[in-house]
Amino acid sequence: DVANRERIGFEALQRLNPDVDVWLPPPGTVLRLPTTWIPPTAPAEGLVLNIPEMRLYDYTVDDGPEVPAGAVGDAEDPTPTGPWKVGAKRVDPVWNVPKSILEERPGLPPRVPPGPDNPLGSRWMTIGHTSYGIHGTNVRWSIGRMATHGCVRLYEPDMERLFDRIPRGTPIHIVYEPVK
C-alpha cells in the first residue's frame, strides 16, 4: 500500500527498509522512500526503461523526466532491450492470453475482456511491432518486481497519464544498466 500510494516499486522500498516486514509493518513504522534517480546512459528522449531499476524515465514532460515505477519481465520471459518506438495504442484492451500462459495457468479463459479482472489494465501501448506492451495492471503489488512475461506494467494512474500524452512513434529505449 505504501509503494502504491507513493508510486514507488515494491523491491526498491524493500531494499531501502530491509528490517521491516513488507507485508505487515508494525503501526507507526517510519519508512525511507527511494526518491532520487540517476538516469541511465540512453538518449534522454521519449521513454527510457532501465530494466534492473524497474523505472521508466519519461522525457516527454517539460520538467522531466517523470520516473514512474514499473514491473518488468522475469528471468524466463525477460523484457526485450533495444531501441523501439510506441506502436499501436488501445483503451480498454482485450487480453488474448498467450498459449504459453494458458499452459502455465490452464484455468484462465483464452480471452479476458476489459474490466477489473483484466491484468492489462485500462491502457496499452505496444513496444514497436512486438507482442509486448507498456500497460496498466490490476495487480498493483507486482509493480517494482520482475513479475511479467516481458511486458512493462505501470500503476494504473501513471499509465493513464502516460497514455494520454504519448503519441505513436515516440522513441522507447529499453536498457539493462545494473550499475550507474
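The values are calculated or read from the model by the stated rules, or taken from the named source; none is laboratory data. No experiment lies behind these values; they were computed from the predicted model shown. Note that we place each Cβ from the backbone using ideal geometry, even for glycine, and neighbour counts take in every protein chain shown. Quick note on the areas: whole protein, heavy atoms, side chains included, nothing else; ligands and nucleic acids left out. Shrake-Rupley method; radii C 1.70, N 1.55, O 1.52, S 1.80 Å.
Of all residue pairs spaced 6 or more apart or on separate chains, those with beta-carbon atoms under 9 Å, a first member in the range 44-62 that is on the phi > 0 side of the Ramachandran plot and a second member that is assigned to a loop (DSSP other than H, G, I, E, B) and open to solvent by less than 10 Å² (accessible area, probe 1.4 Å) are 46/166; 54/9; 54/143; 54/144.
Which is of a type in the set (Asp, Glu) and closer than 27 Å to residue 2 by Cβ, of 92, 63, 77?
Values: 92 fails: closer than 27 Å to residue 2 by Cβ; 77 fails: closer than 27 Å to residue 2 by Cβ.
Unique residue meeting the criteria: 63.
Taken together, the criteria place residue 129 among residues that are part of a loop (DSSP other than H, G, I, E, B) and either at pLDDT 95 or above or among the acidic types (Asp, Glu) (or both). Total residues in the range 22-51 satisfying the condition of being among the β-branched types (Val, Ile, Thr) and within 30 Å of residue 84 (Cβ to Cβ): the figure is 6.
Summed over the range 1-24, residues that are of a type outside the set (Lys, Arg), in contact (Cβ under 8 Å) with a residue 12 or more places away in the chain and part of a loop (DSSP other than H, G, I, E, B) total 4.
A quick yes/no check of all residues on (1) under 17 Å from residue 157 (Cβ atoms); (2) open to solvent by 20 Å² or more (accessible area, probe 1.4 Å); (3) at pLDDT below 95:
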| site | (1), (2), (3) |
| --- | --- |
| 37 | no, yes, yes |
| 40 | no, no, no |
| 46 | no, no, no |
| 49 | no, no, no |
| 56 | yes, no, no |
| 59 | no, yes, no |
| 64 | no, yes, yes |
| 69 | yes, no, no |
| 72 | no, no, no |
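Kindly provide the set of residues from the range 132-180 that are in a strand (DSSP E or B), over 12 Å from the mean Cα position of the chain (by Cα) and of a type outside the set (A, V, I, L, M), ordered by number. 171, 173, listed by residue number. Apart from one condition, residue 101 fits all of (1) modelled with pLDDT under 95; (2) open to solvent by less than 40 Å² (accessible area, probe 1.4 Å); (3) assigned to a loop (DSSP other than H, G, I, E, B); the exception is (3).
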